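Notes to accompany the following structure.
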Amino acid sequence: MIVRRVLAALAVVAAAASVTGCDKLFAPAKSPFRGVDVTGGDMGSELRLRDPSGTERTLGDFRGKVVVVSFGYTNCPDVCPMTLANLASARRKLGDDGKDVQVLFVTVDPKRDTPQVLAQYVPAFDPTFIGLTGSPDDVARTSKSFHVYANARPAKPGEAYMVDHSAQMFAFDRQGRVRLVFAPDLPPDAIASDLRILLNG
């Protein structure tokens, strides 16, 4: 069921020419990066959540790799699956170097995104991607540390609720320092280019 939903979402993503409802606060990046250089920022200090197996994860667990943190939820109809699809494509473009890139997907909907749901949804885009969740308080604390907005929108009777949230991604270098923020519609080629710079830095 979840895998079919992922495949259907990817089909929508492939047909989409633009992304709506996303942050538009991204100024053109200076060379050599296509993303926004935020070196020296404090984002991500409170990331302490659990993967689908129940293991607590922090950014320190992935020291030595370039890490990309994305926020979203599995019932998201457009931006979230597009983001994960673009990250999967970018990782493939890196070839063998892709093994040193770790993508973490932090749910902003811990009520519905159980470990079992994340275990099926997130790796469907790339087997190495890891979904993270926790208590509502844990998720809220993590979102706040990344300056990510998330708020469940009231639903009409009989309809599933949606979650409004910031859609940017955050890239950390091999030393665990936040370096870049990617807009949600940044093309895979541009993401791969920036990740390669971080990998070789």
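Values computed for the structure shown
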| item | result |
| --- | --- |
| Matching residues, the stretch 187-201, being of a type in the set (S, T, N, Q) and within 18 Å of PHE62 (Cβ to Cβ) | ASN200 |
| Residue list for the stretch 58-76, filter: under 15 Å from the mean Cα position of the chain (by Cα) and either closer than 20 Å to VAL163 by Cβ or among the basic types (Lys, Arg) (or both) | VAL69, SER70, PHE71, GLY72, TYR73, THR74, ASN75, CYS76 |
| Residues (in contact with a His (Cβ under 7 Å, 6 or more places away or on another chain) and more than 14 Å from PRO110 (Cα to Cα)) located in the stretch 120-160 | VAL148, TYR149 |
| Sole residue being surrounded by fewer than 15 Cβ atoms within 10 Å (Cβ to Cβ), within 22 Å of GLY44 (Cβ to Cβ) and not aromatic (Phe, Trp, Tyr), chosen from PRO184, PRO110, PRO136 | PRO136 |
| Top-ranked residue of the stretch 67-101 - restricted to ones that are polar (S, T, N, Q) and crowded, with 20+ Cβ neighbours inside 10 Å, ranked as nearest to VAL148 (Cα to Cα) | SER70 |
| Any hit, the stretch 152-163, residues being touching a Ser or Thr at 6+ places or on another chain (Cβ under 8 Å) and either loosely packed, with under 14 Cβ neighbours inside 10 Å or over 13 Å from THR83 (Cα atoms) (or both) | no |
| Residues located in the stretch 60-89, provided they are in contact with a strand residue (DSSP E or B) (Cβ under 6 Å, 6 or more places away or on another chain) and aliphatic (A, V, I, L, M) | VAL66, VAL67, VAL68, VAL69, LEU87 |
| Filtered residues of the stretch 16-63 (kept if assigned to a loop (DSSP other than H, G, I, E, B), polar (S, T, N, Q) and either modelled with pLDDT of 55 or more or touching a Leu at 6+ places or on another chain (Cβ under 9 Å) (or both)) | SER31, THR39, SER45, SER53, THR55 |
| Residue in the stretch 91-127 that is farthest from the chain's Cα centre (by Cα), counting only those that are aromatic (Phe, Trp, Tyr) and not in a helix (DSSP H, G or I) | PHE125 |
| Some residue of the stretch 145-168 being assigned to a helix (DSSP H, G or I) and either at pLDDT below 95 or on the phi < 0 side of the Ramachandran plot (or both) | yes |
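Results for (1) among the charged types (D, E, K, R); (2) in contact (Cβ under 8 Å) with a residue 60 or more places away in the chain; (3) over 17 Å from ALA183 (Cα atoms), shown as yes or no for each residue.
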site: ARG34; (1), (2), (3): yes, yes, no
site: THR55; (1), (2), (3): no, no, yes
site: ASP78; (1), (2), (3): yes, yes, no
site: THR83; (1), (2), (3): no, yes, no
site: THR107; (1), (2), (3): no, no, yes
site: PRO110; (1), (2), (3): no, no, yes
site: ILE130; (1), (2), (3): no, yes, yes
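The values are calculated or read from the model by the stated rules, or taken from the named source; none is laboratory data. Note that the coordinates shown come from a computational prediction; the quantities given were computed from them, not determined experimentally. Glycine also receives a Cβ, built like all others from the backbone with ideal geometry; neighbour counts cover every protein chain displayed.
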